[in-house]
Amino acid sequence: MKDQWTDRLSEYLDGELPEAERPALEQHLASCEACRATLAELRSVVARAASLEDRPPAADLWAGIADRIGAAGAERKAGARWRALRLTLTVPQLAAAAVALMAVSAGGVWLANSRQGVPAEAARPVSANRLTGVAPVSLVEGPYESAVRDLEKVVQQGRGRLDTTTVRVMEQNLRLIDTAIAQCRQALEADPASAYLNAHLAETMQQKLELLRQAARLAAART
Amino acid sequence: MTGTMMLGLLVLLQGPGHQYRDWDQDQEKSGGADTTIAVRPGTRLEVHDLNGSITVRTWARNEVRVLAEHSKKDQVDIEYGGAVLKVSASSRRGAPRDVDYQITVPTAMDLTLGGVYADVSVEGSTGRIAVETVQGDVVVRGGRSLVTLHSTNGDVTATGVQGRLEANSTNGTVTVEDAEGEMYVEGVNGDISLRGIRSGNVDVSTVNGSIDYHGTVQDDGTYRLSTHNGDVTMTVPTGANATVTVSTFSGDFESDFPVTLTGGRQSKRFSFTVGSGKATMELESFQGSIHLVRP
C-alpha cells in the first residue's frame, strides 16, 4: 500500500526531509506498519550496498563491458560512488545500479583471470563481493546477460580441457541455479514489489555469475 | 646416508633460492621422497597436487618435512625462493600420477594448498590457510586469522578455526564446528551446518540445501542464513537479543517459542524481536521451512 509519505521515506532516511515535515512523518511511521516496513527495507538496501567491495575490472576488459551499460570511465569511482550514493534514488533505481555494478565486476574480473590463466589459487573470499540488493530484472538484464554470455564463452572454449565429471558437476549446478532463477522470476510476476524476491533473484543471479567464473578459471587453469 | 637424506642436508646448507629435484629411481613400486628443509619465519608453503592427497601437520621447528609417495616415473620438485616454499610434482612423461604428500610444517606457517583430484587435510596450523581443490574433500582442524576453503565437488569441513573463515563447496556439504570469528559460507548443491559457533558475523547461503546454525547470537551481531530450496534451522540461545526477519515465498515458519510480529507483514516476509532486538538476524528460504529452535 502506498500513501503520501511512501515516496518521502528515502529523503527521511537520507536526512534530507525538511525539518518541518519530520515530526509529521515520524508520527505517521508510528501508526503505519507498511511505511515502517518500507523504511526498514531501505535501510537494508543501504547497508548491503555499503558492504560492496570496490573491485575494478582489468582496464582492457572494462571498456567493452562498460560500453554495454553506458558507464565507461566510471570504474574508478564505482565503489566510492556507491558508498556515497544518497537515497534520493528510488529503491529500484538503487538496485539496478547495484546489480549492474555486480555484473560488470564479476564478469570483468573473471574474464581477466581466465585470460591470465589463473593457477590453482587460494579460495577467493566467498562473500566479499556478494551483492544482495534488490534487483528489478528488466533494468539489469542487459549487462547481466552480457556478463553471463562472456563467461559462458570462456567456459565453452575451455570445456575440452575439463574432465567429464567436472563438466557434469558444473552443468548440473548451473541448471539448479537456472531453475532457482526461473522460479524467482515466476514468483515476481505475481508479486513484483516483493523486496525479498527481488533481493533473492539478485543474489541467485550473482551465484550463477560466481559459478561461471569458477568454471572459467578451472578451464583456464588447465591450459 | 640415503640419497633423500643427502638432499635434505643440501637444502639445509644452501637455504632459500634454490630448486631441488628428487628423482626416486631406486625405490620399490612407487617412488618416495623424504626431504626436510629449514625455513625462515614468514615463509609460506605452496603445494599443488594434481592427483592424490595433501596432509599437513605441524611441529615446533623451523623446518618443513616433505614426505611423498608417488610413481617411480614422477618426481617431487621443491623450490624455495623469496618467502615461498613451493612443492609440486612433475613427470618425465605427461602429467604426474597420484602423489600423496605428508608434510610437516612450523605451526604458524601460512599454507596455500591446491589440488585437482586431491583430498586436502590440515591439522594444528595457526597460520593463514588457503585450500582449493576441484574433486576432493577438504578437512581443516585449527587455523587462525584467515582460512579460505573451497572444493568444487567435495565436502568441506572446518573445525576449531579462530579468525575469519570463508568456506565454499559447489557440490558438497560444508560443516563448520567449534569455530570462532567471522563466518562466510557458501554452497550451491549441498547442506551447510554450523555447530558450536562463536561469532558476531555469520553469512551463509546455498541454492539447493539446508542450513543449520547452532551457536552464539551476540548483541551486535549479524546473522544471515539464506537458501532457495531447503530448510533453515536457527538455534536461538536463551537470553539472545535479536531483530529477526523471516522471508520465504512458499515455505513455512515454525518457532519453538512465541513471537510477536513488530513490523508490517508483506506476503511471507515479516519481522519480530527477541529480547531487546540488538542483533540482526535474516532467515530466508524461497521454498523451504524456517525453524527457530531453542538449544
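Just so you know, all these numbers are worked out from the coordinates, no wet-lab data involved. Predicted, not measured: the structure shown is a model, and the values here were computed from it. Cβ atoms come from the backbone with ideal geometry, glycine included; neighbour counts cover every protein chain shown.
Observations
- Per residue, the convex hull spanned by the alpha carbons of the stretch A:134-218 comes to 73 Å³.
- Ordering of A:18-25, B:81-88, A:209-216 by packing [mean C-beta count within 10 Å, highest first]: A:209-216, B:81-88, A:18-25
- Selected from B:L149, B:L261, B:L113 as most flexible by GNM, with chain B as the system and alpha-carbon contacts under 10 Å: B:L261
- Within 10 Å of the Cβ of each residue in A:200-213, the mean number of Cβ atoms contributed by other protein chains is 3.
- If R0 is taken as 30 Å, the Cβ-Cβ distance between A:D191 and A:Q157 corresponds to a FRET efficiency of 0.15.
- Neighbours of B:S210 by Cβ distance under 9 Å: Lys/Arg scored +1, Asp/Glu scored -1, total -3.
- Helix B:3-14 and the long axis of chain B differ in direction by around 80°, with both axes built from C-alpha atoms.
- Taken one residue at a time, the phi angles of the stretch A:176-187 give Karplus couplings (6.51, -1.76, 1.60, θ = phi - 60°) of 4, 5, 4, 4, 4, 5, 4, 5, 5, 4, 5, 5 Hz. Gly and Pro are set to x.
- Per-peptide average of other Cβ atoms within 10 Å, ordering B:120-132, B:229-241 highest first: B:120-132, B:229-241
- Amide hydrogen proximity for B:R61: with H placed 1.01 Å from N in the peptide plane, the residues at 5 or more positions away or on another chain lying under 5 Å are B:T107.
- Sequence-separation-based contact order of chain B, relative, with Cα cut under 8 Å and 6+ spacing, percent: 10
- Förster radius 25 Å - calculated FRET efficiency between B:T107 and B:K86 (Cβ-Cβ, nearest 0.05): 0.80
- Cα-based Lys proximity count in chain B, under 30 Å, for pairs eight or more positions apart or on separate chains: 6
- Shielding by partners for peptide B:247-253, expressed as the average number of C-beta atoms from other protein chains within 10 Å of each residue's C-beta, is 3.
- Per-residue average of Cβ from other chains inside 10 Å of B:204-214: 3
- Positive minus negative residues near B:G82 (Lys, Arg vs Asp, Glu; Cβ under 14 Å): 0
- 5 angstrom amide H check on B:D49, placed H, neighbours 5+ away: B:G114, B:G115, B:V116
- Note: relative contact order over the stretch B:110-225, using C-alpha pairs below 8 Å and six or more positions apart, is 15 percent.
- Net charge, B:D110 excluded, C-beta distance under 12 Å - Lys, Arg +1, Asp, Glu -1: +2
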